[in-house]
Amino acid sequence: MLRTSALRRGLATAAVLAVGVGCTVRPSDGRPAGADGKPGSGGTAAVATPGAASGTPSPSAPPRPSKNPAARPTAAPPPSVLPSTSTSTSTSTSTSARTPSSAPPPSPGAAKPRTVMASGAESDQVRELQARLRQIGHFDRTPTGYYGTVTATAVSSFQGKRGLSRTGTTDSVTWQKLLGMTKKPTRDELWPPTERPVAAPDPRCLKGRVLCISKNSRTLSWMVDGTRVSSMDVRFGSEYTPTREGTFTVYWKSRHHVSTLYDTPMPYAMFFSGGQAVHYSADFAARGYSGASHGCVNVRDEPKIAKLFAEVKTGDKVVIYW
């Protein structure tokens, strides 16, 4: 009896030792999780796994992957994301195909001509440009010194006729070509006495001292024995108050005259037919040809008519013609 009891106690002890060695602890055992969230890392002693001591592989399931990224093995990227030599070559070929093969590479020695004058400029050099273009028939106006659309068109015309790029901008090549084809402009070419070309004098203007006035060119020329002494722009009366035409004489001069009919100043007045006179007009100077006189011959250049007034004498001839 005693031997049977001792045998039973021995078998119970062996069973307890077998359970402690052969079982793996799971999270469902109720043990607390460790600080990094992995079950069983809260300080519990390591549990032996069958075969660990002998190096024999465990028949149990493979270990679970760790949630710590640093501990995970780096997986090889799929073949689709690996760099491909053929893809790079294809991209390079595609880019090359989009580049126009007809465009030649820029020549390192072909420098763009320097711009000398361009639209919007205003200077004496622009005035010279206009005068030189006028000498060879590319500019048909009085030089103004302002580089506007008319000047740009004239420059473009010159460039086209000389085989240059029609840019309308005066670059160094265009300017040198123009300088070589023209002469240095005179003062009268740079600062013409009238806005429009002066008309050929009427035959009645070729003898004696004559105020030779052309309605066609709207200019007045002071002639002495067939020689033109000076010229200036003039304006005439409207269709309701026309300026008379014919041959007259200066019968009265009045330096500070004021019209008794219109109460307007008529400085440097030289009367030739009734109340009609050649005189300076501030309105003409301000408004140009958008206005008209009441029959008088208006002059807008005050310094010129002041000089003319000093030279003309009573009895000098006045010829007004088309």
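Each row is one residue, and each column tells you yes or no for (1) surrounded by 13 or more Cβ atoms within 10 Å (Cβ to Cβ); (2) of a type in the set (D, E, K, R).
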position: Glu128; (1), (2): yes, yes
position: Gln135; (1), (2): yes, no
position: Asp140; (1), (2): no, yes
position: Gly145; (1), (2): yes, no
position: Thr153; (1), (2): yes, no
position: Ser156; (1), (2): yes, no
position: Lys161; (1), (2): no, yes
position: Thr169; (1), (2): yes, no
position: Asp188; (1), (2): no, yes
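State which residue pairs qualify: first residue open to solvent by less than 50 Å² (accessible area, probe 1.4 Å) and inside the range 105-121, second residue assigned to a loop (DSSP other than H, G, I, E, B) and at pLDDT 95 or above in any location, beta carbons under 7 Å apart, and separation of 6 or more residues or different chains.
Once the first residue is open to solvent by less than 50 Å² (accessible area, probe 1.4 Å) and sits in the range 105-121, its partners that are assigned to a loop (DSSP other than H, G, I, E, B) and at pLDDT 95 or above give Ala118/Thr169.
I'd like to know if the range 230-239 contains one or more residues that are on the phi < 0 side of the Ramachandran plot, touching a residue at least 40 places away in the same chain (Cβ under 8 Å), touching a Leu at 6+ places or on another chain (Cβ under 9 Å) and open to solvent by 30 Å² or more (accessible area, probe 1.4 Å).
Here is the first cut: in the range 230-239, the residues on the phi < 0 side of the Ramachandran plot are 230-239.
Now drop any that are not touching a residue at least 40 places away in the same chain (Cβ under 8 Å), which leaves 230, 232-238.
This time we only want the ones that are touching a Leu at 6+ places or on another chain (Cβ under 9 Å), so: 230, 232-234.
Subsequent filtering for residues that are open to solvent by 30 Å² or more (accessible area, probe 1.4 Å) retains 230.
Yes, the conditions are met somewhere in the range 230-239.
Quick check on the range 159-174. Is at least one of its residues over 20 Å from Ile320 (Cβ atoms) and in contact with a Gly (Cβ under 6 Å, 6 or more places away or on another chain)?
First, the residues of the range 159-174 that are over 20 Å from Ile320 (Cβ atoms): 159-174.
Within this subset, residues satisfying the condition of being in contact with a Gly (Cβ under 6 Å, 6 or more places away or on another chain) are 166.
Within the range 159-174 (the criterion being over 20 Å from Ile320 (Cβ atoms) and in contact with a Gly (Cβ under 6 Å, 6 or more places away or on another chain)), the answer is yes, since at least one residue qualifies.
Please state which of the following conditions Val319 fails to meet, knowing it meets all the rest: (1) more than 17 Å from Arg218 (Cα to Cα); (2) open to solvent by less than 20 Å² (accessible area, probe 1.4 Å).
Among (1) more than 17 Å from Arg218 (Cα to Cα); (2) open to solvent by less than 20 Å² (accessible area, probe 1.4 Å), the lone unmet condition for Val319 is (1).
Among the listed residues Lys313, Lys307, identify the single one that is assigned to a helix (DSSP H, G or I) and either more than 16 Å from Cys205 (Cβ to Cβ) or open to solvent by 40 Å² or more (accessible area, probe 1.4 Å) (or both). Don't jump to the end; show me each part of the working.
Working: Lys313 fails: assigned to a helix (DSSP H, G or I).
Criteria check complete, one pass: Lys307.
Restricting the search to the range 186-201, which residues are within 32 Å of the chain's Cα centre (by Cα) and assigned to a loop (DSSP other than H, G, I, E, B)?
Within the range 186-201, Trp191, Glu195 meet the criteria.
The values are calculated or read from the model by the stated rules, or taken from the named source; none is laboratory data. Note that the coordinates shown come from a computational prediction; the quantities given were computed from them, not determined experimentally. Counting neighbours? That spans all protein chains shown, and the Cβs are built from the backbone with ideal geometry, glycine included. Heavy atoms of the whole protein, side chains included, go into the accessibility calculation; ligands, DNA and RNA do not. Shrake-Rupley method; radii C 1.70, N 1.55, O 1.52, S 1.80 Å.
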